[in-house]
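The values are calculated or read from the model by the stated rules, or taken from the named source; none is laboratory data. Keep in mind the model is a prediction, meaning the values are calculated, not measured. Cβ placement follows ideal geometry from the backbone for every residue including glycine, while neighbour counts extend to all protein chains displayed.
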Amino acid sequence: MAALFSSPPTEGKPEVPKWIPPEPTKEALDWANLHTIELALLDSPDPQVVDNLVQLTKTAIKEDGFLYLTNYGISLDQLHRQFNLAQYLHRNISAGDKERLLWNPQSGTFAGFKRRLGWKREAGDYDGIEQFNFYRPQFEDPESNVPECIKPFMDEIIAFCEYLTYSVNRRLLKLLSRILELPDDYLWDNVQSHEWPLGDGYFRHALFYPLLGEDKERRKGVRMYGHTDYGSTTLLFSVPVTALHIWSKHNKWQPVKYNPGALVVNLGEALEIISGGHFKATKHKVTATPEDQEHCERLSLVQFNASIGDMRLTPAVASPLLQREGFVPSQGIFQQYKKLMDAGVPVPTNKEWRDIQIATNSQIAPESRPGGIKEINGVKYGVDKFFGVEVALPR
Ligand SMILES: [Fe+2]
């Protein structure tokens, strides 16, 4: 049985005000109907229970590429403490630290502080999204790399990320390896970057301030444009303010409903490619909130897990599932990688792939993308091309 999360003590630390979750929307929306995977069932002594769990996960990731993960070892109180800390960081980061720790996406990582002024180091238009992103340097040397106000709490943030990496994500990858009918640690050992405490991945404290009036008009109701995540798995804690939409199996954008304490998990491009397209890296976006939440702040905690940097991804052809059923070539990024593989052209390394997207492609409106607009089945997509790989994303 997997150990539950145990958080370091809070005694002797500065007082941290509680985060009050906003009221969920009362609007009846066309919700995405996601499956719920209870992770603790993986430890069941009954093989039938475990098999049912594997089958349900298989359905979820083939159909939706998104799922709710529950019973993963972190209590609601422990989770809310992390939200308190994220809120505390955004409320108390000094002007000096905002400047000193200002991010530089052109370097290929989002590490550090993002202002509410777009996705470059230089100030752009107001987007109302503030973030602090913790990569390995923030954990290894907090003294130099995190805001002064959060330093007393780094033991708690580190413990939380360690648990997400070494317990939650590792168990999740075990479940996914079983779907591929490969050894339990196949994806952990061969794909997942997991040097202490979260490999080449990162942990994000994001705060979406309300976007109103002219700013809302200019963004046409979109806070973060449609995209797929490039890593292995993304662990997003479900929040009451509705904004996340996924490009669903019904070929339309559908919002994801608040599920208190659950993780909203989606699979990144690395797993789509390694699985030969059996796993789906689903497109998603963040939109304006429903009207009854228009003035709410949306606090968001996410861990983005990364694949091994110097690896060039190819499908895991040793998988009995792939041997039996072949590839699923219709998946977007897998299809693109496969074209290169078939032509004998090397695909980019995982590090090259994520660096170029962070450096050049972060949140550019579809109509401004270098490859222009392409219409597929009546839907307009903005197109990019990196290393010969075409990326088409809907607005
Ligand atoms: Fe994303």
How many residues does segment 315-337 contain that are part of a helix (DSSP H, G or I) and of a type in the set (S, T, N, Q)?
3
Against the definition (among the hydroxyl-bearing types (Ser, Thr, Tyr), within 17 Å of the chain's Cα centre (by Cα) and surrounded by 17 or more Cβ atoms within 10 Å (Cβ to Cβ)), how does residue 163 come out, yes or no?
yes
Every residue in segment 275-315 that is among the aliphatic types (A, V, I, L, M), surrounded by fewer than 21 Cβ atoms within 10 Å (Cβ to Cβ) and over 23 Å from residue 203 (Cβ atoms), please.
288
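If we scan segment 95-103, do we find a residue that is in contact (Cβ under 8 Å) with a residue 60 or more places away in the chain and closer than 16 Å to residue 358 by Cα?
Of all residues in segment 95-103, those in contact (Cβ under 8 Å) with a residue 60 or more places away in the chain come to none.
Scanning segment 95-103 turns up no residue that is in contact (Cβ under 8 Å) with a residue 60 or more places away in the chain and closer than 16 Å to residue 358 by Cα.
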From the list 342, 355, 384, exactly one residue is charged (D, E, K, R) and in contact (Cβ under 8 Å) with a residue 40 or more places away in the chain. Which is it?
355
Which residues, taken from segment 14-54, are among the β-branched types (Val, Ile, Thr) and either farther than 30 Å from residue 177 by Cα or in a helix (DSSP H, G or I) (or both)?
16, 20, 25, 49, 50, 54
Can you find even one residue in segment 305-314 that is within 15 Å of the ligand (Cβ to nearest atom), modelled with pLDDT of 95 or more and assigned to a loop (DSSP other than H, G, I, E, B)?
yes
Every residue in segment 219-273 that is modelled with pLDDT under 95 and among the aliphatic types (A, V, I, L, M), please.
222, 224
Here's a check for you: in segment 194-226, which residue that is within 16 Å of the ligand (Cβ to nearest atom) and of a type in the set (A, V, I, L, M) is nearest to residue 353 (Cα to Cα)?
224
Only one residue in 171, 204, 218 is outside any loop (DSSP other than H, G, I, E, B), surrounded by fewer than 22 Cβ atoms within 10 Å (Cβ to Cβ), in contact with a helix residue (DSSP H, G or I) (Cβ under 7 Å, 6 or more places away or on another chain) and of a type in the set (Lys, Arg), so which one is that?
171
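With the structure loaded, tell me whether residue 324 is more than 21 Å from residue 352 (Cβ to Cβ) and either away from the ligand (no atom under 14 Å from the Cβ) or touching a helix residue (DSSP H, G or I) at 6+ places or on another chain (Cβ under 7 Å) (or both) or whether it fails that test.
Details: more than 21 Å from residue 352 (Cβ to Cβ): yes; either away from the ligand (no atom under 14 Å from the Cβ) or touching a helix residue (DSSP H, G or I) at 6+ places or on another chain (Cβ under 7 Å) (or both): yes.
Answer is yes for this residue.
Are any residues in segment 240-251 away from the ligand (no atom under 14 Å from the Cβ) and either within 14 Å of the chain's Cα centre (by Cα) or without any contact (Cβ under 8 Å) to a residue 40 or more places away in the chain (or both), and if so, which ones? Outline the logic, then answer.
Our first condition is that a residue be away from the ligand (no atom under 14 Å from the Cβ); within segment 240-251, this holds for 240-242, 248-251.
The one that is away from the ligand (no atom under 14 Å from the Cβ) and either within 14 Å of the chain's Cα centre (by Cα) or without any contact (Cβ under 8 Å) to a residue 40 or more places away in the chain (or both): 250.
For the condition touching a residue at least 60 places away in the same chain (Cβ under 8 Å) and over 17 Å from the mean Cα position of the chain (by Cα), what is the one hit in 124, 118? Give the derivation first.
Values: 124 fails: touching a residue at least 60 places away in the same chain (Cβ under 8 Å).
Exactly one of 124, 118 is touching a residue at least 60 places away in the same chain (Cβ under 8 Å) and over 17 Å from the mean Cα position of the chain (by Cα), namely 118.
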Could you tell me whether segment 260-270 includes any residue that is aliphatic (A, V, I, L, M), surrounded by 23 or more Cβ atoms within 10 Å (Cβ to Cβ) and farther than 21 Å from residue 63 by Cβ?
no
